[in-house]
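This report concerns only the one structure given below.
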Amino acid sequence: MEFQINILWSSVEIGFEIENKKIPLSKIYFWPRYDGWKVLKYELNSKRWISQKNSVLILNEVTQIIQYWIEKRAKLDYDDLLSNFPNIKILGTY
């Protein structure tokens, strides 16, 4: 199964949603405003057709993106972000 993580970037929070071949699999969840990672984990686990392995892969990548955001949130470098996370799509910044 092919997944894509879409993100919204700001200096105060990061939003993320998961797509499967352009079909949204989740809402947009924000971190740290809400514990978006935990809510995403719950949502992925509720979708029985997504394997545990794929859920773990998605959550691991979201964790890496959040860690990257914590380090670089003041100034987004599109090229650096996309070179580190080629499976993401930047929906916008605000």
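The values are calculated or read from the model by the stated rules, or taken from the named source; none is laboratory data. In this text, all values refer to a predicted model and were calculated from it rather than measured experimentally. Neighbour counts run over all protein chains shown; Cβ positions are idealised from the backbone, glycine included.
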When only residues in the stretch 41-69 that are of a type in the set (Phe, Trp, Tyr) and closer than 26 Å to Leu81 by Cα count, which is surrounded by the fewest Cβ atoms within 10 Å (Cβ to Cβ)? Tyr68
Looking at (1) farther than 23 Å from Tyr34 by Cα; (2) over 11 Å from the mean Cα position of the chain (by Cα), find the lone condition where Asn87 falls short. (2)
Return only the number of the condition from (1) assigned to a helix (DSSP H, G or I); (2) modelled with pLDDT under 90 that Met1 does not satisfy. (1)
Of everything in the stretch 67-79, what is assigned to a helix (DSSP H, G or I) and out of contact with any helix residue (DSSP H, G or I) (no Cβ under 7 Å at 6 or more places or on another chain)? Give them in sequence order. Gln67, Trp69, Ile70, Glu71, Lys72, Tyr78, Asp79
Which of (1) outside any strand (DSSP E or B); (2) surrounded by 17 or more Cβ atoms within 10 Å (Cβ to Cβ) does Gly15 not meet, given it meets every other one? (1)
Failed criterion for Ile18 (all others in (1) in contact with a Leu (Cβ under 7 Å, 6 or more places away or on another chain); (2) free of Cβ contacts under 8 Å to residues at least 40 places away in the same chain hold): (2)
Return the residues of the stretch 37-65 that are under 17 Å from Lys27 (Cβ atoms) and in contact (Cβ under 8 Å) with a residue 24 or more places away in the chain; say none if nothing qualifies. Trp37, Leu40, Leu44, Ile50, Ile58, Val62, Ile65
Starting from residues that are among the hydrophobic types (A, V, I, L, M, F, W, C) and in a loop (DSSP other than H, G, I, E, B), keep the ones in the stretch 45-63 and report whichever is farthest from Ile7 (Cα to Cα). Trp49
Scanning the stretch 42-63 for residues that are in contact with a helix residue (DSSP H, G or I) (Cβ under 8 Å, 6 or more places away or on another chain) and closer than 21 Å to Leu91 by Cβ gives Leu44, Ile58, Leu59, Val62, Thr63
